[in-house]
Amino acid sequence: MKSPRRSQAERRGESQARIIGAAIDLLIEKGFDRFSLHDVGKRAGCSHELVNFYFGNKDGLLEALATHIIETFSDELLSLDDSPNAFDRLARQILYIATIADRAPRTFTAYLRMAGEAPFYEHLTQLYRNRRSQTLGIFRQTILAGKASGHIRRNVNADAIAQVCYDFVRGHVDRRLLDRDEAADQFNAIISTFIDLLRANIAIRKRTNAGPSSSDGD
């Protein structure tokens, strides 16, 4: 039985995915300045003319790479929204970002390589600024939801706590990349300690028959 014939849009999407994948590999192996569209086409199994047709030039490919990588991380982060307890959602978001270098080392290495190119490309710089703002926004919205639902204290400054969470995960990821030989258990313990400290300072504990065990900041 013959396989269903793919549409033009499907074939185009598959070709672009192969090209993006090849470009990520070359970016990691060589750096952005040391490969050509011809190299990308050869790695992807297509002509460099097709690469040029889809992305225009190397700068266009760079922008497409950054968009693909950033959207991949953003979509996964946004999907962590199924816990009824807002503080638990915040903890999962922190854990997701803090462990991203271990969970997706190839994609994250490419992300860092792209970040190194950002100062030389205005639009790329804006993409990375948007990524930072989006992550801060996700943290902030989760904290605000927790204040509204009674899982996070109402006197908590959502903007300040969101920034604290962002600074922690950013610093933790940088340290993880620099200290690859350090035991993963040690890094996981640091994440757990941060989340426990955050819980102690902003989360509302469950009430018991004797009354509330923690002030909600009223």
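See the values below:
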read-out: 5 angstrom amide H check on residue 152, placed H, neighbours 5+ away; value: 147, 204
read-out: Theoretical ellipticity at 222 nm over the chain - DSSP helices of four or more residues, -39500 (n - 2.57) apiece, nearest 500; value: -24000 deg cm²/dmol
read-out: Degrees, to the nearest 10: 8-30 long Cα axis against longest axis of the chain; value: 80 degrees
read-out: Binned Cα-Cα distances of the chain, short to long, each 10 Å bin given as a whole percent; value: 7, 27, 27, 20, 12, 5, 1, 0
read-out: Label-point separation, residue 54 to residue 134 (7 Å along Cα→Cβ), nm; value: 2.0 nm
read-out: The range 58-218: relative contact order in percent, alpha carbon pairs under 8 Å with at least 6 residues between; value: 26 percent
read-out: Binned Cα-Cα distances of the range 87-184, short to long, each 10 Å bin given as a whole percent; value: 14, 40, 31, 13, 1
read-out: q = 0.13, 0.25, 0.26, 0.31 Å⁻¹: log10 I(q)/I(0) that the Debye formula gives for the range 1-56, counting C-alpha atoms only; value: -0.35, -0.94, -1.00, -1.24
read-out: With Cα atoms, 0 to 90° folded angle of helix 158-178 axis to the chain main axis; value: 50 degrees
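Values quoted throughout were computed directly from the atomic coordinates according to the rules given, and no laboratory measurement underlies them. Please read these numbers as outputs of a predicted model, since none were measured by experiment. Here the Cβ is made from the backbone with ideal geometry for all residues, glycine too, and neighbour counts use every protein chain on show.
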